[in-house]
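To keep things clear, I will list the structure first and then write my remarks on it.
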Amino acid sequence: MPRFIRSAAVIALSTSVLASLPAVAADELHYNQISLRAEASQEVARDKMIVTLYTESQDSDPAKLAAQITETMNKALGQAREVKAVTLRQGSRNSYPIYDNKNQKITGWRERAELRLESADFPALSKLTGELLTTLKMDNMDFAIADATRKSSEDALLKDAVAAFKARAQLATDALGGKGYKIVNLNFNTNGYPQPFARGGAMMMKAQMDSAPTPEVEAGTSQVSMSADGVIEVLMQ
């Protein structure tokens, strides 16, 4: 008899647990959830100028060629270091053989070295570029958004995107007749921050340098945006 009583108690306990499962599952369901998206945008100035210069030459003696390229680059680096507003970054340097058309034998070597100049002071960099073009050639001139400007822009856009999301969430809540809402999750994504924007090339800059020692440069702006994607749960009356 005691064994039967214990078994009956276990069965009763199991039945009680099973009966409570639907209630637990119902509590875990979330109703009145809405996915929303809001976006904020602004025009941001491309305030960093990037100029890539290079020297290229060929010679039958690779050692002599390397020395010549090094001398040219060292002279340009020394000249560029005098301009404190400009940041210097040495780019790629490579050499490759030159073959004849008949026997595919090496007849010489060609070498190229790059110098990258960056600055928020456009007149200073333009002037320096003009001076360096007497010994170097221009590969391209780009414009980008400086890191500090980008961070400041993202901070401002984040606030605007949150405000836009809250306004849309309130609009949805009012439309459903809710008494309020809570944010379930919220994600942010930025778009529009450009890679360096190529503007002109060696011919354009050379023409500018011939006409004026410090040409004015207009980098323009980029429209950047931040989206706020999230889910809210509307609290009903």
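The values are calculated or read from the model by the stated rules, or taken from the named source; none is laboratory data. Computed from a predicted structure; not experimentally measured. Note that each Cβ is placed from the backbone with ideal geometry, even for glycine, and that neighbours are counted across all protein chains shown.
Some points to look at:
- Top-ranked residue in segment 167-195 [being touching a Ser or Thr at 6+ places or on another chain (Cβ under 8 Å) and in a loop (DSSP other than H, G, I, E, B); ranked as farthest from Ala156 (Cα to Cα)]: Pro194
- Sole exception among (1) free of Cβ contacts under 8 Å to residues at least 40 places away in the same chain; (2) in contact with a Ser or Thr (Cβ under 8 Å, 6 or more places away or on another chain) for Ser119, by number: (1)
- Scanning segment 47-78 for residues that are out of contact with any strand residue (DSSP E or B) (no Cβ under 7 Å at 6 or more places or on another chain) and of a type in the set (A, V, I, L, M, F, W, C), we see that the one that is surrounded by the fewest Cβ atoms within 10 Å (Cβ to Cβ) is Ala63.
- Among the candidates Ser92, Ser126, residue that is loosely packed, with under 12 Cβ neighbours inside 10 Å, within 20 Å of Val51 (Cα to Cα) and among the hydroxyl-bearing types (Ser, Thr, Tyr): Ser92
- Residue within segment 83-102 that is at pLDDT 90 or above, assigned by TED's automatic domain parsing to the domain that holds Lys127 and charged (D, E, K, R) present: yes
- Residue count for segment 30-88, restricted to those that are out of contact with any helix residue (DSSP H, G or I) (no Cβ under 7 Å at 6 or more places or on another chain), touching a residue at least 12 places away in the same chain (Cβ under 8 Å), outside any strand (DSSP E or B) and of a type in the set (Gly, Ala, Ser): 2
- Of note, Arg168 does not satisfy the criterion of being touching a residue at least 12 places away in the same chain (Cβ under 8 Å), over 27 Å from Glu233 (Cβ atoms) and of a type in the set (D, E, K, R).
- Being within 26 Å of the chain's Cα centre (by Cα), over 28 Å from Arg112 (Cβ atoms) and surrounded by 18 or more Cβ atoms within 10 Å (Cβ to Cβ) is a property that holds for Val44.
- Annotation: Ala23 fulfils all but one of (1) modelled with pLDDT of 95 or more; (2) assigned to a helix (DSSP H, G or I); the unmet one is (1).
Residues are listed down the side, and each one gets a yes or a no for (1) of a type in the set (A, V, I, L, M); (2) over 23 Å from the mean Cα position of the chain (by Cα); (3) not in a strand (DSSP E or B):
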site	(1), (2), (3)
Thr107	no, yes, no
Arg110	no, yes, no
Ala113	yes, yes, no
Leu117	yes, no, no
Asn140	no, no, no
Lys151	no, no, yes
Glu154	no, no, yes
Asp160	no, no, yes
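- In the set Ala169, Ala163, Ala148, only one residue is surrounded by fewer than 16 Cβ atoms within 10 Å (Cβ to Cβ) and in contact with a strand residue (DSSP E or B) (Cβ under 9 Å, 6 or more places away or on another chain); that residue is Ala163.
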